[in-house]
Amino acid sequence: MTQHLTEHDVRGIAEYTRIGLTAEEVVAMTADLNAIIDSLSPITEYDLDGVEPTFHPIGDLSNVMRDDVERAGFTQETALMNAPRQEDGSFLIPSILGEGGDR
Amino acid sequence: MAATFGEMSVRQIQAGLAAREFSAAEVARATLERIGAADEAVHAFLQVTEDLALAAASRVDAAAAEGRLAELGPLAGVPVGYKDNMNLTGTRTTCSSNMLRDYVSPYTATCVQRTLDAGALPIGKLNMDEFAFGSSTETSAFGPTRNPWDLGRVPGGSSGGSAAAVAAGLVPVTLGSDTGGSIRQPGSFCGIVAVKPTYGVVSRYGVVAFGSSLDQVGPFARSVEDAALALNAIAGRDELDCTSQPCDVDFTANLAEGAAGLRVGVVPAFMEAAGLTAEVRAKVEEAASALEAAGAVLVDVELPHAQAAMSAYYVLGPCEAFSNLARFDSVRYGYCDPGHADLGSQYEASRERGFGPEARRRIMLGSYLLSAGVYDTYYYPAQQVRTLITRDYLDAFEKVDVILAPVAPRTAFKFGEIGDPTEMYLSDMFTISINIAGNGGMSMPVGLGADTGMPVGVQLIAPPFRDANMLRAAAALEQVFGPAPVAPAFADGKAGE
């Protein structure tokens, strides 16, 4: 099997995708991802010179704007109904600036 | 015991309502009772929506009392279940993930709303592979669904609950979603009619996104007509999903036409594919002969790039999933790991504990494949391959009206039989190229495999927006093989004993 990714790479991807992984999970994930990436190799073996990509099955769509008329959206209460933590009508997160820590 | 409402067809329920043999409230209550008795063995339902079903039933009964039953729509009084990635206001929509364990829908998906507008009784939410990542429903955070034909086997996936509920005769109609085979493969494993329409036929608004250029919603039922009636209810343009297209087709219109003159493509390379079991191959050949005997013309067609679909899909799917699952931030909704003093560690712990292993794998794979340098090796070529696969289908459909193929290479496997992710991915080897090209495909049951005795479905593939072609061919097969039976252990009101 080709080593596409090292454990160091996998730790970097985990950090980027904001997924915590234990040391054992990094080992297992590295093996899994290398095996999956190996199985993708056929995609690298086609002669694709001059073939345009198709990014979407419906190709001839263009973006349209709806008429600028007032329409009800979520109320503040509805928007917050699934928030794990909220306060004073806002989503609550740990402090991200300076001192003070979590409220 | 008499046939339960879940074993009746849509038309039978509506005839009974029209003749006042029973009320919609009785349908709802009996269906809820039936699920209570039989679903312990199957575990198709994650949630039963009793209050919503009874409220919808009273609206149907009020209309019936005023003689307005016919005005209600194609699903009037019909119990319908929904895959748990479909929002329905006031219900939990979990995607079978700990990430959304407590998520309550603040709005209703268009496909669900359209069944309600058509008079359906919303009976509950159905189990699935976590975020639809899987082919067995074993990755559900809430435990697997069991195949009603053999409780030791998987129902397929990802829409395993949707398929099993219909196969066990708990409800006549359910909705599922299909990104690489997630409607058709469980439809085949559970022996029922399962339709993935052309991309753009059904709005995905309010359905939790997996692969946005691949996802499509469709119905499960035990007859072609019931599936067509459900498709009539949910199809068509929705201004909330810009990929949805206008659709004024009555999908029941040509079901009685038979197969005479129908040009049916057969792909020799599919029939010779490594991994295709003898019993499935025999059933596809039997279906081809049946169509030919009914007057269809069999034509060999080539799909030379279809074998590239697998690797293209496992590039495109994770890339789109990585992007779609970035929204789970533990702040606005979803699981939030408690007690973190900084946002970064809250993100990481919440996504670590909220997502299961397959979701984490696909997110990380997608991130890698889209990274600088790697993008040109996999993602861009995958989109070029998509062009070739799409052309293959368009060329084939110059010669034929519909293509006949296997759905899955084998019948339903036993729990735990397939542990390796890349081996599991092979479940979708015959279904994936259809999502890549965007055209319609469906699974039509044609009896039981000679070796395993488990249901086998054949796949009918239609040109883009000509989904009526495959429904017509399916109806012709139904003439020969009969409508899908309820799994024997659940027939006549039995509960899996």
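No value in this document is a laboratory result; all are computed from the given coordinates. Because the structure is a prediction, the values reported are computed rather than measured. Note that each Cβ is placed from the backbone with ideal geometry, even for glycine, and that neighbours are counted across all protein chains shown.
Report the full-extension gain for the segment A:ASP9 to A:VAL27: residue separation times 0.36 nm, less the Cα-Cα distance, to one decimal in nm.
On the way: separation 18, 0.36 × 18 = 6.48 nm, distance 1.12 nm.
Gain on extension, A:ASP9 to A:VAL27, equals 5.4 nm.
Quick one: net charge of B:THR49's neighbours, Cβ under 12 Å, K/R +1, D/E -1?
Working: positive: B:ARG92, B:LYS125; negative: B:GLU50, B:ASP51, B:ASP84.
Result for the local shell: -1.
Can you run phi through the Karplus equation (6.51, -1.76, 1.60; θ = phi - 60°) for the stretch B:374-391 and list ³J(HN,Hα) in whole Hz, with x for Gly and Pro?
7, 3, 6, 7, 10, 5, 5, x, 4, 6, 5, 4, 4, 4, 5, 5, 4, 4
Explain nothing, just the number: relative contact order of the stretch B:81-150, from Cα pairs under 8 Å at least 6 residues apart, as a whole percent.
Values: 114 pairs, mean separation 22.4, N = 70.
Over the stretch B:81-150, the number comes to 32 percent.
At what distance in angstrom do the alpha carbon centres of the stretch B:185-231 and the stretch B:418-497 lie from each other?
About 12 Å separates the Cα centre of the stretch B:185-231 from the one of the stretch B:418-497.
If amide H atoms are built 1.01 Å from N in the plane of the peptide, which residues on other chains or at least 5 residues away come under 5 Å of the amide H of B:HIS340?
Those qualifying (amide H under 5 Å, at least 5 residues apart or on another chain) number zero.
For the stretch B:282-419, build the charge dipole from Cβ charges (+1 Lys, Arg; -1 Asp, Glu) around the Cα centre, then report which of B:SER367, B:GLY295, B:SER330 sits farthest towards its positive end.
Farthest along the dipole direction, towards plus: B:SER330.
Taking the number of other C-beta atoms within 10 Å as the exposure measure, put B:THR243, B:THR31, B:THR89 in order starting with the fewest. Walk me through the intermediate numbers first.
Details: B:THR243 21, B:THR31 26, B:THR89 16.
The fewest-first ordering by Cβ neighbours comes to B:THR89, B:THR243, B:THR31.
At 7 Å along the Cα-to-beta-carbon direction for both B:ALA341 and B:LEU240, put a label point, then send me their distance in nm to one decimal.
Here the answer is 4.3 nm between the modelled labels.
Which whole-Hz ³J(HN,Hα) couplings does the stretch A:75-85 yield from phi under the Karplus relation 6.51 cos²θ - 1.76 cosθ + 1.60, θ = phi - 60°, glycine and proline marked x?
With the stated coefficients, the stretch A:75-85 comes to 6, 4, 4, 5, 4, 9, 5, 9, 5, x, 9 Hz.
Can you sort B:CYS190, B:CYS95 so the residue with the fewest Cβ neighbours within 10 Å comes first? Walk me through the intermediate numbers first.
Details: B:CYS190 36, B:CYS95 28.
Neighbour counts put them in this order, fewest first: B:CYS95, B:CYS190.
Using θ = phi - 60° and the Karplus curve 6.51 cos²θ - 1.76 cosθ + 1.60, what whole-Hz ³J(HN,Hα) does each residue of the stretch B:467-476 get, with Gly and Pro shown as x?
4, 4, 4, 6, 5, 5, 5, 5, 5, 5
Could you check what % of the DSSP bridge pairs in chain B are antiparallel, to the nearest 5? Display every interim value, and only then the final one.
Working: 30 of 45 bridges.
That works out to approximately 65 percent antiparallel.
Give the order of B:ASP337, B:ASP102, B:ASP420 when sorted by the count of other beta carbons within 10 angstrom, beginning with the fewest.
Working: B:ASP337 18, B:ASP102 13, B:ASP420 10.
Least to most surrounded, the residues fall as B:ASP420, B:ASP102, B:ASP337.
What residues have an amide H closer than 5 Å to that of B:LEU121, excluding those fewer than 5 places away on the same chain, when H is modeled at 1.01 Å from N in the peptide plane?
Result for B:LEU121 returns B:GLY77, B:VAL78, B:VAL80.
So who's got an amide H within less than 5 Å of the one on B:LEU46, skipping anything under 5 residues away but keeping other chains? H placed 1.01 Å off N, in plane.
Residues meeting the criterion, in which the H sits 1.01 Å from N, are B:LYS125, B:LEU126, B:ASN127.
Normalised by the number of residues in the stretch B:2-148, what is the relative contact order in percent for Cα pairs under 8 Å and 6+ residues apart? If you can, show how the numbers build up before the last one.
Details: 254 pairs, mean separation 39.6, N = 147.
Reported as a whole number, the value is 27 percent.
Toward the positive end of the charge dipole of the protein assembly as shown, about the Cα centre and with charges on Cβ (Lys, Arg +1; Asp, Glu -1), which of B:VAL456, A:PRO53, B:LEU388 goes farthest?
B:VAL456
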